[in-house]
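Trainee: Next up is a structure, given as structure tokens.
The values are calculated or read from the model by the stated rules, or taken from the named source; none is laboratory data. Please read all numbers here as calculations on a predicted model, not as lab measurements. Don't worry about glycine lacking a Cβ; one is built from the backbone with ideal geometry, like all the others, and counts go over all protein chains shown.
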Amino acid sequence: MTASLKTAGWLGAALPMLAAMIDVTPAEAQSSARELPAVVVDQPSRAPAARSRPAPRRQANSAASRRTATRAAMTPDAAAAAGARAETGTGPVRGYLAGQSGTGTKTDTPLRETPQSITVVTADRIADQGALTVQETLRYVPGVFADAFGPDSRGDYPRFRGQDPNIYLDGTRVVNTFQFNEWRPDPYTLERIEVLRGPSSVLYGDTSTAGLLNLISKRPQAESFNEIGVQYGSFNRKQVQLDSTGKLTKDGEWLYRFIGVFRDSNTQTDFVKDDRIVLAPSLTWRPTNNTSWTVLGTYQKDMSGSSTAFLPHEGTLYPGPNGLIPVRRFASEPGFDKYQTETGAVSSLFEHSFGDGLKVRQNMRYAHVEGIYRTMYPDWSTNPADPFLDPATRRTVARWVSSRQTTKDSFTSDTNAELKFATGAITHKALFGVDYRALGERASSSGAIHDPRPFDLYAPVYNGVVPPPLSPEPDLRQSQLGLYAQDQMRLGPWLAVVGLRQDFITNDVQGAPAEDTRATTGRAGLMYELPFGLTPYVTYAQSFNPIFGSGVCATICKAQQGEMVELGFKYNPMPGTAINGAIYDTIEKNRLAADPTNPLISTQTGKVRIRGAELEVITRVTPDLDLIGAYAYVNATVESGDNAGKRVETVPEHQASLWAKYRLTALGLQGVTVGGGVRYIGESWDGTDTIRTPDYTLFDAMIRYETGPWRFQVNASNIADKRHVTTCWSRGDCFFGIGRTVLGSATYRF
């Protein structure tokens, strides 16, 4: 941490001197001016000298009224175009199609100029599809197996291109791979969710070859907005949510936002709750047009249990002599089973533009997370194909008992400087930065204790369990310091992105020698803009992913390493339409895989190769019809190590989806919107090519009515209530997908 803060201080002192030495062309200065934040502070004494005097208040109010009336009279296409002009890489997006993103380059860059596959899931899309978790928001994204392990109460576990992505919040890491009792952000607190597919270590350090999921928080806005909503739905879900933002001062120098979520709910699994409290206040200070500082606070408490029962193949994937096990089956013990996570976090997002081609940013966050995880699960470790204690009737199994409590303190920071300049005919957008991540963890656990008492999976009788005693685990301290540089270059229609990074990792487990690791990663991408809106590209990128946290592997996990070659295109044939495609070839070493005896930890394989293709279409066909289409093909095999030559587990070879939303204005039904979607998930394998999970197709629907400040909406997912298994593993267990879920909501905006 000390090294990071010293480096950040050095950068802050050096940047003004650097700005004075740079010769920026007039064109670049104009470009910088166009990229100023949308909020204008009405304080002449604080504004830059070149600013004109503000209009009198009465005139300003009149102009604002005219602008509001103009926006109200806009067609959807015109409104979308106006929104696109004002869009930033972290701000709101009207509709489904985003034009800007900062995830792929850490600079505010058009998606068509980023040589890597990126999908932005907007807040409008999340609301229309009725997504209740982050992983549910990804159901219509190409190359993503959103519900890979079903509706898991413990966290979001989507898979990108057959691999596990890393999850970031506002550009810094928030979730550690396959750790439990981690902070699980609520979709209602997010402005957009960005899926970056492929290695991204050159900018982020610890990312897998899958890529990363970057969650962008809702931030204070100058335009006043208030809403309160209620939800009621399947599994007796009851939720109240509210969102309020606007100016704290008339001139817009201070902005605020407050988001609250209060939920009382059951789940698909018997005896398992899904209760949540979220309080998320935030404040923005913008003393001038060139400076913005936002502080976000979060308190969140999740109270749940073990919705995943780790049930055996027989009775889930295929019927046994007793038929099928009900989807709602709970395999732990009521009163003992508990999964509770309490999070307190504060984030700081700072940005300052010097107005002459130089911009500096610093994001940092501190989070304190306390967790309790108590569960029981069937014992299939001895004989995965036949785990039953009663061979004749095949009903009962033994169980394992496990209990663990953790306290985690994490600090993340990212400081960088963006510099625009030209060398002859080549323009540059250079980025230099340093980021730092530290994790301290204290834990106590019981280990896995065998309970030989027969447990009937078809007609369970819950007899209780004595909580096992907990023993302290060795304290864990881990840190990562990264130095990175990137240059985005343009020469006529040619665009290039090159980057290089050096990471320094320390693993320090109490009672053992500290482990120090270094890694160098890079990326190089080339694009060519054709005159009719088509931009093909080629990219080579590397990944380096140290596994943070204890309890992931039996011992300290080895860092994952990988590389990728991707060929793709970005095509924008008309406003409101984006067609993106890619083919890729990825190699990853030390991949995490299921432990054959314990579902709570992982093992690591040798080398995995994944090749595939993706296609995505997001378009507004008419002013009333929006479409999202996606297709992905993935061929994933183990090249060396355990199960060499076998297909990688939990990787559907084919996936396809289509979502449509239609406003019924042409039929005279003003305010009525209907939507529907279909999702196809192909068959997958267990990791040894022994157990095949069959393919399935699910249907979703939505209807909404808006009148004045009110919005009423009903969503249904898996409307046919199709029983399906998302995946099965060779170690002996399967995961149920979620059944029909209906959600009704009423929202009042003022």
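Trainee: So Trp400 passes all but one of these: (1) out of contact with any His (no Cβ under 9 Å at 6 or more places or on another chain); (2) more than 18 Å from Asp302 (Cβ to Cβ); (3) not aliphatic (A, V, I, L, M). Which condition number does it fail?
Mentor: (1)
Trainee: Among the residues of region 204-234, which ones are more than 30 Å from Asn289 (Cα to Cα) and in a loop (DSSP other than H, G, I, E, B)?
Mentor: Gly205, Thr209, Ala210
Trainee: Now a separate question. Which residues, taken from region 439-483, are of a type in the set (Val, Ile, Thr) and either surrounded by 14 or more Cβ atoms within 10 Å (Cβ to Cβ) or modelled with pLDDT of 95 or more (or both)?
Mentor: Of the residues in region 439-483, the ones of a type in the set (Val, Ile, Thr) are 449, 461, 465-466.
If the condition is that a residue be of a type in the set (Val, Ile, Thr) and either surrounded by 14 or more Cβ atoms within 10 Å (Cβ to Cβ) or modelled with pLDDT of 95 or more (or both), then Ile449, Val461, Val465 are the ones that fit.
Trainee: Residue check, Arg442 against (1) in a strand (DSSP E or B); (2) in contact (Cβ under 8 Å) with a residue 40 or more places away in the chain, all met but one. Which one?
Mentor: All conditions pass for Arg442, except number (2).
Trainee: Condition first: aliphatic (A, V, I, L, M), more than 30 Å from Asp451 (Cα to Cα) and not in a strand (DSSP E or B). Now tell me which residues in region 384-430 satisfy that.
Mentor: Within region 384-430, just Ala425 meets the criteria.
Trainee: Suppose we filter Phe712, Phe735 for residues that are farther than 25 Å from Tyr584 by Cβ and surrounded by fewer than 21 Cβ atoms within 10 Å (Cβ to Cβ); which single one remains?
Mentor: Phe712
Trainee: Another one. Does region 166-175 contain any residue that is free of Cβ contacts under 8 Å to residues at least 60 places away in the same chain, more than 28 Å from Pro694 (Cβ to Cβ), in contact with a strand residue (DSSP E or B) (Cβ under 6 Å, 6 or more places away or on another chain) and of a type in the set (Gly, Ala, Ser)?
Mentor: Checked region 166-175: no residue is free of Cβ contacts under 8 Å to residues at least 60 places away in the same chain, more than 28 Å from Pro694 (Cβ to Cβ), in contact with a strand residue (DSSP E or B) (Cβ under 6 Å, 6 or more places away or on another chain) and of a type in the set (Gly, Ala, Ser).
Trainee: Right, next: Looking only at region 454-483, count how many residues are under 35 Å from the mean Cα position of the chain (by Cα) and assigned to a strand (DSSP E or B).
Mentor: Residues in region 454-483 being under 35 Å from the mean Cα position of the chain (by Cα) and assigned to a strand (DSSP E or B): 10 in total.
Trainee: Quick check on region 293-348: of everything there that is of a type in the set (S, T, N, Q) and part of a loop (DSSP other than H, G, I, E, B), which residue is farthest from the chain's Cα centre (by Cα)?
Mentor: Only one residue fits best here, namely Asn322.
Trainee: Among residues belonging to region 141-176 that are part of a loop (DSSP other than H, G, I, E, B) and basic (Lys, Arg), point out the one that is surrounded by the most Cβ atoms within 10 Å (Cβ to Cβ). Don't jump to the end; show me each part of the working.
Mentor: Kept after step one, since they are part of a loop (DSSP other than H, G, I, E, B), are these residues of region 141-176: 141-143, 146-158, 161-162, 164-165, 170-171, 176.
This time we only want the ones that are basic (Lys, Arg), so: 154, 161.
Numbers: Arg154: 22, Arg161: 28.
Result: Arg161.
Trainee: Can you run down the residue pairs with Cβ atoms below 6 Å, 6 or more apart or on separate chains, where the first is in region 118-135 and at pLDDT 95 or above and the partner is assigned to a helix (DSSP H, G or I) and buried (at least 22 other Cβ atoms within 10 Å of the Cβ)?
Mentor: Hits for this filter: Ile118/Leu111; Val121/Thr137; Ile126/Thr137; Ala131/Thr137.
Trainee: Let me ask something else. Of all the residues that make up region 268-302, how many are out of contact with any Phe, Trp or Tyr (no Cβ under 6 Å at 6 or more places or on another chain), within 24 Å of Ile216 (Cα to Cα) and not β-branched (Val, Ile, Thr)?
Mentor: Count: 16.
Rundown of residues vs (1) within 29 Å of Thr137 (Cβ to Cβ); (2) touching a His at 6+ places or on another chain (Cβ under 9 Å), yes/no style:
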| residue | (1), (2) |
| --- | --- |
| Glu616 | yes, no |
| Val621 | yes, no |
| Tyr633 | yes, yes |
| Ser640 | no, no |
| Ala644 | no, no |
| Ser657 | yes, no |
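Trainee: Please indicate, with yes or no, whether at least one residue in region 240-260 is more than 30 Å from Ser332 (Cα to Cα) and either crowded, with 23+ Cβ neighbours inside 10 Å or touching a Cys at 6+ places or on another chain (Cβ under 6 Å) (or both).
Mentor: yes
Trainee: Out of the residues in region 484-521 that are closer than 30 Å to Ile426 by Cβ and in a loop (DSSP other than H, G, I, E, B), which is nearest to the chain's Cα centre (by Cα)?
Mentor: Once the filter is applied, the top-ranked residue is Pro493.
Trainee: Scan region 339-369 residue by residue and report those that are surrounded by fewer than 17 Cβ atoms within 10 Å (Cβ to Cβ) and either hydroxyl-bearing (Ser, Thr, Tyr) or modelled with pLDDT of 95 or more (or both). Even if it seems obvious, please write down each step before you answer.
Mentor: Restricting attention to region 339-369, the residues satisfying the condition of being surrounded by fewer than 17 Cβ atoms within 10 Å (Cβ to Cβ) are 344, 346, 348, 350, 356, 366, 368.
Gly344, Val346, Ser348, Phe350, Tyr366, His368 - these are the residues of region 339-369 that are surrounded by fewer than 17 Cβ atoms within 10 Å (Cβ to Cβ) and either hydroxyl-bearing (Ser, Thr, Tyr) or modelled with pLDDT of 95 or more (or both).
Trainee: As an exercise: evaluate Arg219 against (1) closer than 22 Å to Ile126 by Cα; (2) crowded, with 23+ Cβ neighbours inside 10 Å; (3) more than 12 Å from the chain's Cα centre (by Cα) and give the number of the one condition it does not meet.
Mentor: Going through (1) closer than 22 Å to Ile126 by Cα; (2) crowded, with 23+ Cβ neighbours inside 10 Å; (3) more than 12 Å from the chain's Cα centre (by Cα) one by one, Arg219 breaks only (2).
Trainee: Looking at (1) within 24 Å of Val608 (Cα to Cα); (2) of a type outside the set (S, T, N, Q); (3) at pLDDT 95 or above, can you tell me which one Trp183 breaks?
Mentor: That leaves (1) as the condition not met.
Trainee: Of the numbered conditions (1) closer than 30 Å to Val634 by Cβ; (2) hydrophobic (A, V, I, L, M, F, W, C); (3) over 25 Å from the mean Cα position of the chain (by Cα), Ala701 fails exactly one; give the number of that condition.
Mentor: Every listed condition holds for Ala701 apart from (3).
Trainee: If you go through region 718-750, how many residues are in a strand (DSSP E or B) and either more than 23 Å from Thr697 (Cα to Cα) or not aromatic (Phe, Trp, Tyr) (or both)?
Mentor: Counting residues in region 718-750 that are in a strand (DSSP E or B) and either more than 23 Å from Thr697 (Cα to Cα) or not aromatic (Phe, Trp, Tyr) (or both) gives 15.
Trainee: Quick one: Gly335 ticks every box in (1) surrounded by fewer than 20 Cβ atoms within 10 Å (Cβ to Cβ); (2) touching a Cys at 6+ places or on another chain (Cβ under 9 Å) except a single one, so which number is it?
Mentor: Failed condition: (2).
Trainee: Here's another thing I want to ask about it. Take the conditions surrounded by fewer than 23 Cβ atoms within 10 Å (Cβ to Cβ) and in contact (Cβ under 8 Å) with a residue 40 or more places away in the chain and apply them to Asp206. Does it pass?
Mentor: Details: surrounded by fewer than 23 Cβ atoms within 10 Å (Cβ to Cβ): no; in contact (Cβ under 8 Å) with a residue 40 or more places away in the chain: yes.
Spelling it out, it is not the case that Asp206 is surrounded by fewer than 23 Cβ atoms within 10 Å (Cβ to Cβ) and in contact (Cβ under 8 Å) with a residue 40 or more places away in the chain.
Trainee: Can you tell me which residue in region 484-522 is surrounded by the most Cβ atoms within 10 Å (Cβ to Cβ), limited to those that are without any contact (Cβ under 8 Å) to a residue 40 or more places away in the chain and acidic (Asp, Glu)?
Mentor: Looking at the filtered set, the residue picked out is Asp508.
Yes or no, residue by residue, for (1) within 28 Å of the chain's Cα centre (by Cα); (2) part of a strand (DSSP E or B); (3) buried (at least 20 other Cβ atoms within 10 Å of the Cβ):
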position	(1), (2), (3)
Glu616	yes, yes, yes
Gly629	yes, yes, no
Ala656	yes, yes, no
Trp659	yes, yes, yes
Ala666	no, no, no
Gln670	no, no, no
Tyr680	yes, yes, no
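Trainee: Follow-up question, since we're still on this one. Among the residues that make up region 545-552, is at least one of them β-branched (Val, Ile, Thr) and either more than 30 Å from Asn181 (Cα to Cα) or not in a strand (DSSP E or B) (or both)? Lay out the reasoning, then the answer.
Mentor: Going residue by residue through region 545-552, those that are β-branched (Val, Ile, Thr) are 547, 552.
Still in the list and also either more than 30 Å from Asn181 (Cα to Cα) or not in a strand (DSSP E or B) (or both): 547, 552.
The answer is yes, given that some residue of region 545-552 is β-branched (Val, Ile, Thr) and either more than 30 Å from Asn181 (Cα to Cα) or not in a strand (DSSP E or B) (or both).
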